[in-house]
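Novice: This is the structure, below, for whatever I ask next.
What follows draws every value from the coordinates through simple rules; no lab data is involved. Being a predicted model, the structure only gives us computed values, none of them experimental. As a convention, Cβ positions derive from the backbone with ideal geometry for all residues, glycine included, and neighbour counts pool all protein chains shown.
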Amino acid sequence: MTAQNELPDPPHAHEPPHTHEPAHTHADEPQHAAQGDFSRLLDDCVHCGFCLPTCPTYVLWGEEMDSPRGRIHLMRQHEEGAPLSLPMVEHFDRCLGCMACVTSCPSGVQYDKLIETTRAEVEREHPRSPKERAIREAVFRLFPYPRRLHALRGPLRAYQKTGLERLVRRSGVLERLSPSLAAMERLAPPLGKAPRLPERVAARGGERRATVGMLTGCVQREFFPGVNAATARVLALEGCDVVIPKAQGCCGALSLHSGRQDEARAFARRTVEAFEAVDVIVVNAAGCGSAMKEYESLLADDPAWARRAAALSAKTRDLAEFLVELGPRAPRRPLPVTVAYHDACHLSHGQGVRDQPRALLAAIPELTVREISSPDVCCGSAGTYNIFQPEAAAELGDRKAGDVRVTEAELLVAANPGCSMQIATALGRQGASIAVAHTAEVLDASLRGRPASALRGRGGPGGRAS
């Protein structure tokens, strides 16, 4: 097998993924139909308040306009003609888009669709300050592009290894320059070598049971390569041929959940093309899987892509979801470790995948799973939220880290790179020595008979010891 080559960048945010395809602009969208649907979705909310205990910002501040029903009230005002004022935009920006309110709502309010539509309106209509625009452009020109992230790895590793990291943090210079830049620096995981996966990993242990495509992601691929390697090994040990398309890039999750719909559609089309030849797509990052399952609605009004997008959404599975559907074949070896499992919002609320990761962990001999209190309250990562709203995100991260520490677990298990970075950073602030791993890495250790110390001694998914 040949090593996987470096993937090309997806197209620029406002360019189509292929030169033969015309650019898809907001003018192409059926705005009036969308507005009618939006109004009907607003009507579903009866303002009962069942969402309040699970809304992270309401939990933090107790402010009505920073709750789902409060934001829906503001959406109604805008829908009826009120302009997007700065205070209104601030309340929308403070929403994490965690979808806990969707799970808790007895009326079936589709708040996720409401906030995504509203964020697209904000991006179209609201003039942000030059500083805000600069930070946002930097984030969206970097994180969805694996090659750009890869180019950052060398300088970042040197920064971490030379001790400059500690010096900069003590100085507070980044906080004074930009809290968002400081947040990005703090969240960066410790980096080791980044092994490249081959384009195909053969099934092991007998007859092939399935052929699956595997999304490598952007942040997952460059910052947590050990998670991807463990995912491929677990799938192969369970009898799957794993196909890792070279043409894949960003799935568009960050863009989709931030209101950058044209950008998200361009990334989605490229992803659809890259994975059309496989029957099942396995995803190990909660936000990515949630976005890919939304392609059907994202491209529903695009005649050339609607059917293809729906087909991709239908065959996308989270890793835990797929493994439970497939059933175990490889023997589990004992792993004497106590773990706390964290529910990533885009996995539990966005995809309804809650029991499957717990079932996989519970099936490992000698492993004990402990529950974290307030599991429905977001950790504060939420895609780019911990960069654009660093103070609120840090408060939520500290709450989650405290809940993790109460479990007295030796290892925190999470299924999303953003959550892993966010909670690991908060645990570090509190001086806790709890390591963080992905579900795939725990399974990989059990299937290969590796010691629990290999997981406990780690600083985070795919990283070196802290």
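Novice: Using alpha carbon coordinates only, what is the Rg to Rh ratio of the chain, with Rh defined as the Kirkwood radius?
Specialist: 0.94
Novice: Continuing with this model, one more query. What's the exposure ranking of Ser104, Ser67, going from fewest to most Cβ atoms within 10 Å?
Specialist: Ser104, Ser67
Novice: What percent does the relative contact order of the chain come to when contacts are Cα pairs within less than 8 Å and at least six residues apart?
Specialist: 17
Novice: Can you return the aspartates and glutamates within cross-link range of Lys161? Criterion is Cα-Cα under 16 Å, with same-chain partners fewer than 8 residues away left out.
Specialist: Excluding near neighbours in sequence, the set is Glu185.
Novice: Provide, in order from the shortest bin, the percent of all Cα-Cα pairs of the range 94-163 in each 10 Å bin, continuing until the bin that contains the maximum pair distance.
Specialist: Calculated over all Cα pairs of the range 94-163, the distribution is 16, 28, 28, 21, 8, 1 percent.
Novice: Find the centroid of the Cα atoms in the range 73-112 and in the range 233-269, then give the distance between the two in whole Å.
Specialist: Cα centroid to Cα centroid, the span is 28 Å.
Novice: Within 10 Å of each residue's Cβ, count the other Cβ atoms and sort Arg69, Arg308 from fewest upward.
Specialist: Listing Arg69, Arg308 from fewest to most nearby Cβ atoms yields Arg308, Arg69.
Novice: Quick check on my link table: of Lys193/Lys246; Lys193/Lys315; Lys246/Lys293, which ones sit more than 25 Å apart, alpha carbon to alpha carbon?
Specialist: Over 25 Å Cα-Cα: Lys193/Lys315.
Novice: Among His346, His126, what is the fewest-to-most ranking by other Cβ atoms within 10 Å?
Specialist: Result, fewest neighbours first: His126, His346.
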